[in-house]
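**Student:** The following block contains the structure, expressed as structure tokens.
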Amino acid sequence: MTRKGPDSVDRIVGRNIRIYRLQKGLTQTELADQLELTFQQVQKYEKGTNRVGSGRLLKIAIFLGVPVTALFRGSDEMADTDKQSIFDQLAKPHANRLLQAFARIDDDGLRRSVVQLVEEIAKNH
């Protein structure tokens, strides 16, 4: 019997682990220490190259303070390969920091200006 490797759900779970870890301001090493793993193992989970066992998935959810089901968000969608989901976008480096800083801006006009600036940078990059 051959061992089944990671699939799209494993990649989604890994992406969600990364999102929630970043929201908590934790490094991969801090999560790994809590789980008694190496940061490389956490990195493999987050990239979806290694599957997360059910017991470890529960420990991760408890440590991150989210329901286990939150780690599966987006797994019921059939993603369009040309369009990234909001979860994929949040998993990008610095996305959470940008979103958290943006949320602290109270002035609506300033928020619009920031969006226009970022859109202009993205268009010209």
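Laboratory data are not the source of any read-out in this text; all were calculated from the coordinates shown. Because the structure is a prediction, the values reported are computed rather than measured. Cβ: placed from backbone, ideal geometry, glycine included. Neighbour counts: every protein chain shown.
**Student:** Grab the beta carbon distance between I86 and D107, set R0 = 22 Å, and tell me the FRET efficiency rounded to 0.05.
**Tutor:** Numbers: r = 24 Å, r/R0 = 1.10.
E(calc), rounded to 0.05, equals 0.35.
**Student:** What's the exposure ranking of S54, S8, going from fewest to most Cβ atoms within 10 Å?
**Tutor:** Working: S54 9, S8 12.
Ordered by Cβ neighbours within 10 Å, fewest first: S54, S8.
**Student:** Let me have the 222 nm mean residue ellipticity of the chain computed from DSSP H runs of 4+ only, each contributing -39500 (n - 2.57), with the sum over all residues rounded to the nearest 500. Write down the numbers at each step before the final one.
**Tutor:** Values: 7 runs with 75 residues, N = 125.
Counting only the DSSP helices, I get -18000 deg cm²/dmol.
**Student:** Relative contact order for the range 1-79: what is it in percent, counting Cα pairs under 8 Å that are at least 6 residues apart? Numbers along the way, then the final one.
**Tutor:** Working: 85 pairs, mean separation 32.7, N = 79.
Normalised by residue count, the contact order of the range 1-79 is 41 percent.
**Student:** Let me ask something else about it. With everything on Cα atoms, drop me the angle between helix 8-23 and the longest principal axis of the chain, reported from 0 to 90° to the nearest 10.
**Tutor:** In the chain, helix 8-23 runs at an angle near 60 degrees to the longest axis.
**Student:** Between the helical axis of 108-124 and the dominant principal axis of the chain, each derived from Cα atoms, what acute angle in degrees is found, rounded to the nearest 10?
**Tutor:** The two axes meet at around 70 degrees.
**Student:** A further question on this structure: Could you tell me the ratio Rg/Rh of the chain? Both radii from Cα atoms, Rh via Kirkwood.
**Tutor:** On the way: Rg = 16.7 Å, Rh = 16.1 Å.
With Rh from the inverse mean 1/r over Cα pairs, Rg/Rh is 1.04.
**Student:** What's the longest uninterrupted piece of the chain once you rule out the trypsin sites (Lys or Arg not before Pro) that are loop residues per DSSP with at most 15 other Cβ within 10 Å?
**Tutor:** On the way: sites that count: R3, K4, K24, K83, R104.
Segment 25-82 is the longest.
**Student:** Here's a follow-up. Pick out which of A103, A70, A32 has the largest mean-square fluctuation in a Gaussian network model of the chain, springs linking Cα atoms closer than 10 Å.
**Tutor:** Of the options given, A103 has the highest mean-square fluctuation.
**Student:** Within the range 29-124, report the GluC sites (Glu not before Pro) that DSSP leaves as loop and that have at most 16 other Cβ atoms within 10 Å.
**Tutor:** Answer by residue number: E36, E77.
**Student:** Please enumerate, by chain and number, the lysines with C-alpha under 17 Å from the C-alpha of K44, excluding those fewer than 8 residues away in the same chain.
**Tutor:** Within the straight-line limit of under 17 Å, K44 reaches these lysines: K4, K59, K92.
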